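Worksheet for the structure shown next.
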Amino acid sequence: MPLAHGAACPPSRPAAPRTTATMGEAPEPSSQASLAVLSKVELRVSCRHLLDRDTLNKSDPCVLLLMQSQGQWVEVDRSEVIKSNLNPVFAKIFTVDYYFEEVQKLRFEVYDSHGQAGVGTHDDDFLGGMECTVGQIVAQKRVTKPLFLKYGKFAGKSTITVISEEISGNNGYVELAFRAKKLDDKDLFSKSDPFLEIYRIDDDSSEQLVYRTEVVKNNLSPIWEPFKVSLNSLCSCEEKRKLRCVVWDYDSRGKHDFIGEFFTTFEEMQKAMGENKVQWECMNPKYKIKKRNYKNSGVVVLLDLKIHRVYSFLDYIMGGCQIHFTVAIDFTASNGDPRNSCSLHYINPYQPNEYLKALVAVGEICQDYDSDKKFSALGFGARIPPKYEVSHDFAINFNPDNDECEGIQGVVESYQSCLPKIQLYGPTNVAPIISKVARVAADEERTKEASQYFILLILTDGVVTDMADTREAIVRASYLPMSIIIVGVGNADFTDMQILDGDDGVLRSPRGEPVLRDIVQFVPFREFKNASPTALAKCVLAEVPKQVVEYYSYKAFPPRCPQPHTPDSSLGSP
C-alpha cells in the first residue's frame with residue numbers, strides 16, 4: 001500500500017499548516033512526514049580572534065544577521081553587545097524559517113559597538129562579515145569560516161562559528177496502557193462502569209482534554225485498552241507540564257459519577273518504561289474532608305509506556321545524512337544539432353540553454369547537502385566514442401570508472417565539452433539510468449543507516465520510449481533511498497509523462513505492482529520559462545524532505561548521531 005503522494009507545485013510558498021487532531025487519536029509516523037517540510041532553525045553564534053578596534057580596551061562586538069531578499073540584504077535580527085571581548089559567545093539565538101527547496105542566503109556582520117551610540121556602520125567599526133546559506137549550516141550543523149573585511153580582505157585571523165539546531169514542532173507520540181484496582185462502587189445494583197480522562201493543564205491554568213478511554217462495564221479493577229497520543233497533545237512536549245487524570249463511573253444519561261482524580265507529569269509517567277510500573281492513588285477531595293478514615297477511591301496503575309519518536313527531515317540532515325545528486329541528460333537526435341541555434345543543446349555564450357538552466361537551478365540546492373561536492377553526470381540516447389555505439393547510461397566526462405564531476409560547475413563544463421564528441425541519436429530510454437542509480441542506492445540501503453539519500457534529475461526533451469521498463473524501474477526504486485525529478489525540456493507534448501508522477505493516482509508496474517512511495521516529480525520546463533530560476537527548484541524539490549522522511553520511517557532507520565559540539569569559548573574569556 002503506497003504511503004502519501006506528492007502534491008502539485010504550489011504557486012507560492014505555503015503558509016505553515018494549521019493542524020487539528022481528533023481527541024484521543026495520535027497520527028502515525030507516515031502521516032507526520034508532511035509536517036516536517038517546513039521547520040524553524042535556531043542559530044547560535046560565536047567568534048574568535050576578532051580585530052581590536054579600541055585604543056584603551058578591547059572591541060565590544062555585536063553580530064547582525066541579514067538575509068537576502070529579492071537581491072537585497074535585509075537585516076533580520078542582531079545580537080546583544082558583549083563588552084571588551086575578542087572571543088565572544090553570544091547568548092542571542094537567531095531563529096529562521098527553513099526551506100529545503102530554496103537557496104536561503106545569509107550574511108553575518110560583526111561590528112564594534114560604541115555604548116549609547118549603538119552599532120556603527122563606519123568602516124572603522126566593521127570587524128568582518130561572512131556569507132553562507134541556511135542549507136550549508138543545517139547540513140554541517142556547525143560552520144566555522146573566516147571573517148572578511150570589504151573588498152575580500154581577511155580580517156586578520158578572525159573566524160565566526162554558527163551552530164544550528166532544529167526547533168521541533170512535534171517530538172513524536174507515546175503509547176500508554178492503564179488499569180485500575182479497587183475503585184469505589186457507585187452503582188446500587190451492580191459495579192461501577194469506569195472510564196479514565198486525561199487533561200493537560202495549560203499555562204493559563206485552563207484544562208485541555210487529551211484522551212478519554214473506553215468504558216469498562218461492571219468492573220472495579222478495569223484494564224483499559226492501550227492508546228496513543230502525540231507528545232504535543234499530551235504535554236506540549238514539556239515533560240514537567242502538569243496533567244490531571246480523572247476516573248468516572250459512566251452514566252448513559254451523561255451524568256457520570258466522579259470516582260476520583262490524581263495529578264502527574266509525563267516525566268513521572270516515564271518511570272513506567274520497561275518492566276517498571278507507576279501507580280497513583282485515586283482521590284476524591286470531598287471524601288478526604290468528610291471521611292475520617294478515608295484512604296483513597298482506588299489505585300490507577302500505568303502498566304506500560306512506549307515513546308515513538310517521529311523524526312523530521314532536519315533530524316536526518318543534522319545527523320549526517322548526505323544528499324547525493326545525479327543528473328541524467330537526454331542526447332537524442334530530437335534535440336537538434338547542437339551547432340544550430342535552434343537546438344535545445346545549443347551553447348549560447350550569453351544565455352544558458354534550458355538544460356543548463358534546469359541543471360543549475362536544482363543542483364545549486366542539492367550541493368549544500370553533499371560534503372564532497374562531487375556529482376554524478378550521465379547521458380543517454382547518444383552514440384559515444386570510440387566505437388560510436390548507442391549508450392543509455394554513459395558518463396559525460398567519459399570516465400567509466402568515475403562519473404563524478406567537481407561541483408555544479410564541473411558538471412556544466414563536462415556537458416559543454418562532451419557535446420562535440422558525441423552523435424545525438426536515440427531512442428529516449430531512461431530505465432537504464434534509473435536502474436544504475438538504484439543499484440548504488442541498494443548498496444547504501446544494506447548499511448541500514450540513514451547516511452545517504454539519492455536524487456536523480458532526468459532532463460529530457462520528449463516522452464520516454466521505454467515506458468514499461470521505466471515504470472518497473474520506478475516501482476523498484478520506490479523501496480530504496482532515492483527520489484526522481486524529471487524536467488521536460490522544449491515544447492513537446494509531455495501528456496504521457498504525467499503517468500510517472502503519482503499525483504493523480506498510484507503508479508504501477510506493468511505487472512500491476514504499486515509504488516511503495518511516490519518518488520517522482522515531473523514538470524515541463526516551459527511552465528517556468530518566464531519565472532526566476534529558483535521557481536523551478538522550489539517546485540521540483542518541495543516534495544523531497546517528505547520523501548526522505550517517508551523512506552527512513554518505513555525502514556525504521558533513525559537519524560545517525562550528530563557529532564557533539566562544544567562552545568568556542570566561555571563568555572568571559574577575552
Neighbours of F380 by Cβ distance under 11 Å: Lys/Arg at +1, Asp/Glu at -1, summed charge -2
Excluding residues fewer than 8 positions from K288 in its own chain, the lysines with Cα under 25 Å of it are K181, K182, K186, K191, K242, K255
Which of K157/K538; K150/K546; K306/K448 exceed 30 Å between C-alpha atoms? The answer is K157/K538; K150/K546
Sorted by chain and number, the residues with a modelled amide H under 5 Å from that of K242, at a separation of 5 or more or across chains, are I201
Once the whole set of protein chains is in place, how much accessible area is left on K546, using a 1.4 Å probe, in Å² to the nearest 10? 20 Å²
On each of the three principal axes the extent of the alpha-carbon atoms of region 72-230, given in whole Å and largest first, is 90, 38, 28
In what sequence, highest mean first, do 473-483, 187-197 appear when ranked by Cβ atoms within 10 angstrom? 473-483, 187-197
For E175 the rounded accessible area (nearest 10 Å², probe 1.4 Å, non-protein molecules ignored) is 50 Å²
Can you put R179, R78 in order of accessible area, largest first, using a 1.4 Å probe? R78, R179
Leaving ligands, DNA and RNA out of it, rank M467, M273 by accessible area with a 1.4 Å probe, largest first. M273, M467
Kirkwood-based Rg over Rh for region 295-440 (C-alpha set), two decimals? 1.31
So what's the Cα pair-distance distribution over the chain, bin width 20 Å, in %? 18, 39, 30, 12, 1, 0
How much of S46 can a 1.4 Å solvent probe reach, expressed as accessible area in Å² and rounded to 10? 10 Å²
Note on the chain, DSSP bridge orientation, antiparallel percent to nearest 5 equals 80 percent
Probe of 1.4 angstrom, ligands and nucleic acids ignored: what's the accessible area per residue over region 371-516, in square angstrom? 42 Å²
Determine the principal axes of the Cα atoms in region 174-237, then give the extent along each, sorted from largest to smallest and rounded to whole angstroms. 42, 25, 15
In what order, largest first, do R339, R44, R241 sit by accessible area if the probe radius is 1.4 Å? R339, R44, R241
Unit Cα scatterers, Debye sum, region 206-265: log10 I(q)/I(0) for q = 0.25, 0.29, 0.30 Å⁻¹: -1.22, -1.36, -1.39
Inverse of mean 1/r across different Cα pairs in region 231-302, Kirkwood, Å: 13.9 Å
The equivalent-ellipsoid semi-axes of region 147-286, taken as the square roots of five times the Cα gyration tensor eigenvalues and listed largest first in whole Å, are 49, 15, 12
In the chain, what percent of the accessible surface is made up of carbon and sulfur (1.4 Å probe, ligands and nucleic acids excluded)? 50 percent
Computed ³J(HN,Hα) along region 370-378: with the Karplus parameters 6.51/-1.76/1.60, θ = phi - 60°, integer Hz and x for glycine or proline, the list is 10, 5, 8, 6, 10, 10, 6, 10, 10
Cβ charges +1 (Lys, Arg) and -1 (Asp, Glu), total dipole of region 201-321, debye: 660 debye
Under 5 Å from the placed amide H of C282, counting only residues 5+ away or on other chains, we find S297, G298, V299, V300
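The values are calculated or read from the model by the stated rules, or taken from the named source; none is laboratory data. Keep in mind it's a predicted model, so treat the numbers as computed, not measured. Virtual Cβ from ideal backbone geometry, glycine too; neighbours counted across all protein chains shown. Protein only, heavy atoms only, side chains kept; ligands, DNA and RNA dropped before computing areas. Shrake-Rupley method; radii C 1.70, N 1.55, O 1.52, S 1.80 Å.
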